[in-house]
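Read through the structure below, which is laid out as structure tokens, and then see the notes.
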2 protein chains.
Amino acid sequence: MNTLSLNNFSPLDPESFLEESKLIVDFIPDYYRNVEKYPVQSQVCSGYLVHHCPDSAPYSPEPLESILKEVSDSIIPGLTHWQSPNFFGYFQANASTAGFLGEMLCTGLNVVGFNWIASPAATELESIVMDWVGKMLMLPTSFLLSGSGGGVLHGSSCEAILCSLAAARDKVLKKIGHHKITKLVVYGSDQTHSTLQKASKLVGIPTSNFRSLPTSFSNDFALCPDDVRTAMEEDIGAGLVPLFLCATVGTTSSGAVDPLEALGHNVTWLHIDAAYAGSACICPEFRHHLNGVELADSISMNPHKWLLTNMDYCCLWIKEPKLFVDSLSTTPEYLRNNASESKKVIDYKDWQIALSRRFRAIKVWVVIRRHGLDNLMFHIRSDVNLAKRFEAYVAKDPRFEVVVPRRFALVCFRLRPKEEGEGIELNSRLLMVVNGSGRSFITHAVVGGIYIIRCAIGSTLTETRHVDGLWKLIQDNAQLVLQELGFALEEA
Amino acid sequence: MNTLSLNNFSPLDPESFLEESKLIVDFIPDYYRNVEKYPVQSQVCSGYLVHHCPDSAPYSPEPLESILKEVSDSIIPGLTHWQSPNFFGYFQANASTAGFLGEMLCTGLNVVGFNWIASPAATELESIVMDWVGKMLMLPTSFLLSGSGGGVLHGSSCEAILCSLAAARDKVLKKIGHHKITKLVVYGSDQTHSTLQKASKLVGIPTSNFRSLPTSFSNDFALCPDDVRTAMEEDIGAGLVPLFLCATVGTTSSGAVDPLEALGHNVTWLHIDAAYAGSACICPEFRHHLNGVELADSISMNPHKWLLTNMDYCCLWIKEPKLFVDSLSTTPEYLRNNASESKKVIDYKDWQIALSRRFRAIKVWVVIRRHGLDNLMFHIRSDVNLAKRFEAYVAKDPRFEVVVPRRFALVCFRLRPKEEGEGIELNSRLLMVVNGSGRSFITHAVVGGIYIIRCAIGSTLTETRHVDGLWKLIQDNAQLVLQELGFALEEA
């Protein structure tokens with residue numbers, strides 16, 4: 001029976017809700033069961049989908065069954081399967097049943113907690129779980145709401161960095177005048193995520209005032225504190241105003257860690273981008289990578305990468321939440337209320353870009369409770385162990401080399417070229433052949449002029465056999481590529 | 001059996017996925033069945049939740065049943081129930097089963113389509129549904145991807161306006177030099193959503209260069225084209241550079257519509273914020289409110305408000321997508337790929353703030369197909385008819401007045417004060433008593449110095465009896481408030 005016929009249109013009918021939802025919660029685990037059968041990287045050609053879709057919206061309702069059939073027939077072939085156990089590209093988007101359940105609660109309750117009064121539980125649960133995660137990372141109390149700071153949930157690192165940058169900018173411009181916005185300078189390394197450059201441009205800092213300081217093999221691609229100091233001194237000498245330094249814990253290209261303790265002094269605003277490796281720091285053996293965090297002004301990390309939380313989810317802590325409010329608050333009459341005016345509650349709309357906000361806190365709350373800190377640490381360690389296993393394979397095969405020491409669950413390696421100039425051709429060809437097989441998916445980066453292949457381990461469904469399978473696939477294809485390109489290296 | 005014990009940790013196990021998800025898809029319709037029983041506005045005190053939660057994350061996993069029990073016992077009492085049929089505050093957040101199903105698919109597939117190659121279907125479906133929605137609104141082909149423009153999905157109007165502003169800013173600064181950023185001026189009315197002011201500040205425009213032009217009862221709180229022209233001329237005379245005008249179709253306070261046709265000439269960048277009333281414009285009888293849209297450079301609307309799409313979902317169209325790419329593109333080496341370099345595909349990361357992005361397109365695709373345009377129009381018209389019904393009640397009771405003519409499904413009214421100065425006390429008291437009863441939830445605004453009560457109809461579960469109940473509740477409490485405050489008005 002189609003409950004969406006016009007005579008009795010009931011688009012949120014509790015009875016059909018259950019029935020229709022069951023079709024989906026059958027469909028999704030089926031997808032997971034079958035995901036290994038699909039090519040990991042989609043093999044469609046650009047423009048493929050337009051041939052499967054009408055060019056305007058249907059006038060009449062369609063049954064869910066035919067919509068799901070089209071997901072199977074038309075959408076799934078066009079996906080690159082981030083949930084495949086053979087997905088080793090970029091950084092993984094780490095899903096879990098608990099993350100899915102949390103998202104269902106968020107979407108089903110569908111409250112909009114822009115200020116406290118609009119759903120007190122949404123605000124208060126967010127404050128509580130942000131303190132939980134902060135304590136899992138052993139952040140100093142100066143970042144916790146139960147201390148003198150506070151945390152907020154954003155959707156992405158870029159949003160977190162954008163808001164931190166805006167707060168830093170406005171704090172400084174308040175003293176020196178808004179006309180000096182063109183004098184402000186932002187610093188990162190050539191390994192810092194491109195999001196810093198984007199955020200910097202978005203908040204109105206001239207692109208010529210963005211410093212991407214070079215890193216090198218000599219210190220594993222970490223920012224060099226002396227270089228930062230020199231760059232800032234030169235800028236001051238030129239009449240510019242150093243504003244913001246972004247240090248990274250776990251860079252995208254190679255998992256590098258900037259030396260926080262050495263960087264955190266004499267900086268107007270230090271932000272720590274721990275988007276990827278922040279999750280690992282819940283394990284005591286990785287926590288030292290955050291040493292020096294007490295010197296920072298703000299720090300962000302993304303549980304949607306490596307903490308079993310489905311997209312999207314970025315944690316941001318700041319020492320002086322007031323600075324967010326100064327930069328981001330607007331209070332139109334229609335949002336005024338006694339609770340906000342009492343100043344006893346948080347209105348998270350003033351800690352983020354948008355007014356509207358989803359009840360994301362319930363998602364990470366379910367993820368943490370359903371797994372417990374114990375299992376979350378186990379999960380990180382399992383991935384790191386798989387990465388060690390892969391690293392050992394690479395190290396044992398003389399045709400290959402690990403290019404950058406592994407710190408977390410990312411292994412950066414390559415086929416050794418005979419001549420340095422041949423490295424790109426050799427390894428990009430290997431990457432293309434591996435991905436073209438559809439059996440695994442890996443991506444690349446360039447560090448210190450070297451083209452590397454990245455094996456990022458962390459898809460939830462990845463097991464030992466998948467890592468072993470990836471290595472076998474790489475070995476087999478390496479031989480083919482070496483032969484094809486006429487490189488006469490000995491076999492392992 | 002707890003599948004999350006350490007010996008066999010399997011956080012995305014397809015078998016337990018089904019079992020656990022069933023608990024949630026039972027829980028949520030139960031919530032909808034019971035939502036009328038809860039006070040619509042939460043009646044908890046600030047800080048209530050901290051007494052229900054441990055102050056740090058649990059070490060061991062907990063069964064889903066106890067997590068759901070805590071949702072019932074601790075979270076639900078702290079919610080203001082946006083899905084209650086008695087929710088008439090702000091603008092509704094319009095949920096539907098189809099929206100929920102679409103979100104489940106998005107979350108379950110959990111792909112991250114920042115560029116085409118990372119999941120071609122995510123990009124291509126987004127282009128297709130954005131053209132669908134664009135055609136539903138009868139946007140000119142200059143906004144469609146099948147024409148010369150294009151659409152993109154953001155999470156919020158603020159993000160849409162921020163990106164449009166940044167594109168406008170960079171287009172102009174490229175010609176006149178970045179140092180002139182402090183000369184740029186942004187225009188809206190005193191009815192424009194506060195998000196414009198926030199976005200303007202975020203992109204580095206001095207707050208002194210933000211013009212909030214006054215509106216009045218005389219033209220139903222619409223922007224006056226002459227005032228815009230005068231303000232721009234004055235600014236030019238003062239050496240400033242008019243940059244961006246935001247016109248609104250359906251303001252938050254009163255549903256006002258700015259005259260697009262008269263505003264769109266001689267403006268560097270016209271953005272149309274149709275966040276709320278854009279949805280209504282899928283009905284031919286409301287489409288005239290978008291007349292003049294062809295003069296705009298960008299337009300945004302939020303299906304998560306009134307088009308049966310669960311949070312979050314903002315559609316943004318732009319005539320020159322290249323300007324987004326100019327402002328927002330970064331291409332680090334690790335994201336380079338042949339498809340992007342062919343320039344034959346869209347990389348939506350360059351049309352938004354963040355790099356990461358969820359597969360939101362599948363949500364609106366399910367919503368549109370499951371309902372069909374026919375039912376979506378029916379849904380809008382039903383809400384408008386309920387608003388007409390409420391408006392007629394107000395008009396019939398001499399103690400009350402409709403303060404601003406109703407255009408969509410928002411009725412702005414008040415208890416008539418004997419003396420104008422008493423209006424705020426009388427109506428804020430009435431609002432407090434109604435909301436304090438827990439039986440309905442309404443919010444307020446101030447337009448033209450008049451404190452008004454807003455009745456925004458559009459929660460999916462709202463039926464005639466709820467609107468009648470709200471009116472009865474208001475009438476009963478009006479009598480009490482009038483007596484309590486000693487106003488001797490006659491009863492209706």
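The values are calculated or read from the model by the stated rules, or taken from the named source; none is laboratory data. All of these numbers come straight from a predicted model, not from anything done at the bench. Positions of Cβ are backbone-derived with ideal geometry, glycine not excepted, and every protein chain shown enters the neighbour counts.
Looking only at region A:220-240, residues that are under 29 Å from the mean Cα position of the chain (by Cα), free of Cβ contacts under 8 Å to residues at least 40 places away in the same chain and closer than 14 Å to A:PHE210 by Cα come to 0 in all.
Just the residues that are modelled with pLDDT under 95 and part of a loop (DSSP other than H, G, I, E, B), please, taken from region B:7-24. B:PHE9, B:SER10 - these are the residues of region B:7-24 that are modelled with pLDDT under 95 and part of a loop (DSSP other than H, G, I, E, B).
Number of residues in region B:283-335 that are modelled with pLDDT of 95 or more, of a type in the set (D, E, K, R) and surrounded by fewer than 24 Cβ atoms within 10 Å (Cβ to Cβ): the value is 7. Candidates in region B:93-122 are the residues that are touching a His at 6+ places or on another chain (Cβ under 8 Å) and in a loop (DSSP other than H, G, I, E, B); of these, the one that is surrounded by the most Cβ atoms within 10 Å (Cβ to Cβ) is B:ASN94. When we screen A:ALA339, A:ALA354 for residues that are touching a Cys at 6+ places or on another chain (Cβ under 7 Å), at negative phi and assigned by TED's automatic domain parsing to the domain that holds A:GLU320, the only hit is A:ALA354. Residue count for region A:323-342, restricted to those that are among the acidic types (Asp, Glu) and either in contact (Cβ under 8 Å) with a residue 40 or more places away in the chain or more than 10 Å from chain B (Cβ to nearest Cβ) (or both): 2.
Here B:SER327 fulfils each of the conditions (1) of a type in the set (S, T, N, Q); (2) assigned to a loop (DSSP other than H, G, I, E, B); (3) in contact with an Asp or Glu (Cβ under 9 Å, 6 or more places away or on another chain) apart from (2).
Could you list, in sequence order, the residues of region B:159-171 that are more than 8 Å from every other protein chain (Cβ to nearest Cβ) and crowded, with 24+ Cβ neighbours inside 10 Å? Within region B:159-171, B:ALA160, B:ILE161, B:CYS163, B:SER164, B:LEU165, B:ALA167, B:ALA168 qualify. Against the test of being in contact (Cβ under 8 Å) with a residue 12 or more places away in the chain, surrounded by fewer than 24 Cβ atoms within 10 Å (Cβ to Cβ) and not in a helix (DSSP H, G or I), the options B:VAL384, B:VAL345 yield a single qualifying residue, B:VAL345.
Any residue at all in region A:310-322 that is at the interface with chain B (Cβ under 10 Å from one of its Cβ atoms), touching a strand residue (DSSP E or B) at 6+ places or on another chain (Cβ under 6 Å) and over 19 Å from A:ALA274 (Cβ atoms)? Checked against the condition, which is being at the interface with chain B (Cβ under 10 Å from one of its Cβ atoms), touching a strand residue (DSSP E or B) at 6+ places or on another chain (Cβ under 6 Å) and over 19 Å from A:ALA274 (Cβ atoms), region A:310-322 yields no hits at all.
Limited to region B:440-492, what total is found for residues that are in a loop (DSSP other than H, G, I, E, B), farther than 22 Å from A:GLU333 by Cβ and not β-branched (Val, Ile, Thr)?
10
Checked against the criteria, A:SER200 does not count as within 14 Å of chain B (Cβ to nearest Cβ), of a type in the set (Gly, Ala, Ser) and without any contact (Cβ under 8 Å) to a residue 40 or more places away in the chain. If only residues of region B:352-381 that are within 16 Å of B:THR97 (Cα to Cα) and touching a Ser or Thr at 6+ places or on another chain (Cβ under 7 Å) are counted, the one that is surrounded by the fewest Cβ atoms within 10 Å (Cβ to Cβ) is B:GLY372. Residue pairs whose Cβ atoms lie under 9 Å apart, sitting 6 or more positions apart in sequence or on different chains, and linking a residue in region A:76-87 that is under 13 Å from A:ARG439 (Cα atoms) to a partner that is among the acidic types (Asp, Glu), are A:HIS81/A:GLU36; A:SER84/A:GLU36; A:PRO85/A:GLU36; A:PRO85/A:GLU463; A:ASN86/A:GLU36. Between A:GLY188, A:GLY250, A:GLY264, A:GLY239, the distinction of being surrounded by 19 or more Cβ atoms within 10 Å (Cβ to Cβ) and at positive phi belongs to A:GLY250 only. For the subset of region A:25-46 comprising residues that are within 7 Å of chain B (Cβ to nearest Cβ) and assigned to a loop (DSSP other than H, G, I, E, B), which member is farthest from B:LEU12 (Cα to Cα)? Going through the qualifying residues, I end up with A:SER46.
Restricting the first residue to region A:52-63 and requiring it to be more than 17 Å from A:SER10 (Cα to Cα), which pairs with a second residue that is at pLDDT 95 or above and part of a loop (DSSP other than H, G, I, E, B) meet a Cβ separation below 8 Å and a spacing of at least six or different chains? Cβ pairs passing all conditions: A:ASP55/B:SER146. Of the residues making up region A:202-214, those that are in a loop (DSSP other than H, G, I, E, B) and aliphatic (A, V, I, L, M) are A:VAL203, A:ILE205. Answer yes or no as to whether A:LEU223 is part of a loop (DSSP other than H, G, I, E, B) and hydrophobic (A, V, I, L, M, F, W, C). Answer is yes for this residue.
Taking B:VAL367, is it within 14 Å of another protein chain (Cβ to nearest Cβ) and in a helix (DSSP H, G or I)? When the stated conditions are applied, B:VAL367 passes them.
Scoring A:LYS174 on the criteria (1) within 10 Å of another protein chain (Cβ to nearest Cβ); (2) within 23 Å of B:CYS158 (Cβ to Cβ); (3) among the charged types (D, E, K, R) leaves a single failure, condition (1).
Being surrounded by 18 or more Cβ atoms within 10 Å (Cβ to Cβ), of a type in the set (A, V, I, L, M) and at pLDDT 95 or above is a property that A:ILE442 has.
Here region A:90-111 is the region considered, the condition is being of a type in the set (A, V, I, L, M, F, W, C) and more than 7 Å from chain B (Cβ to nearest Cβ), and the residue that is nearest to B:VAL44 (Cα to Cα) is A:CYS106. Of all residues in region A:50-89, those that are more than 7 Å from chain B (Cβ to nearest Cβ), crowded, with 21+ Cβ neighbours inside 10 Å and in a loop (DSSP other than H, G, I, E, B) total 6. Counting only strands (runs of 3 or more DSSP E) that fall entirely inside region A:233-318 and contain at least 3 residues that are not aliphatic (A, V, I, L, M), the qualifying elements are A:241-248, A:314-318.
Yes or no, residue by residue, for (1) of a type in the set (Phe, Trp, Tyr); (2) more than 28 Å from A:ALA445 (Cα to Cα); (3) in a helix (DSSP H, G or I):
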| residue | (1), (2), (3) |
| --- | --- |
| A:VAL172 | no, yes, yes |
| A:GLY188 | no, no, no |
| A:LEU196 | no, no, yes |
| A:SER200 | no, no, yes |
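Could you grab me the full set of residues in region B:123-150 that are more than 22 Å from B:SER279 (Cβ to Cβ), more than 7 Å from every other protein chain (Cβ to nearest Cβ) and either in a helix (DSSP H, G or I) or among the charged types (D, E, K, R) (or both)? Selection gives B:THR123 alone. Candidates are the residues of region A:112-122 that are more than 25 Å from the chain's Cα centre (by Cα) and not small (Gly, Ala, Ser); the one that is farthest from the other protein chains (Cβ to nearest Cβ) is A:ASN115.
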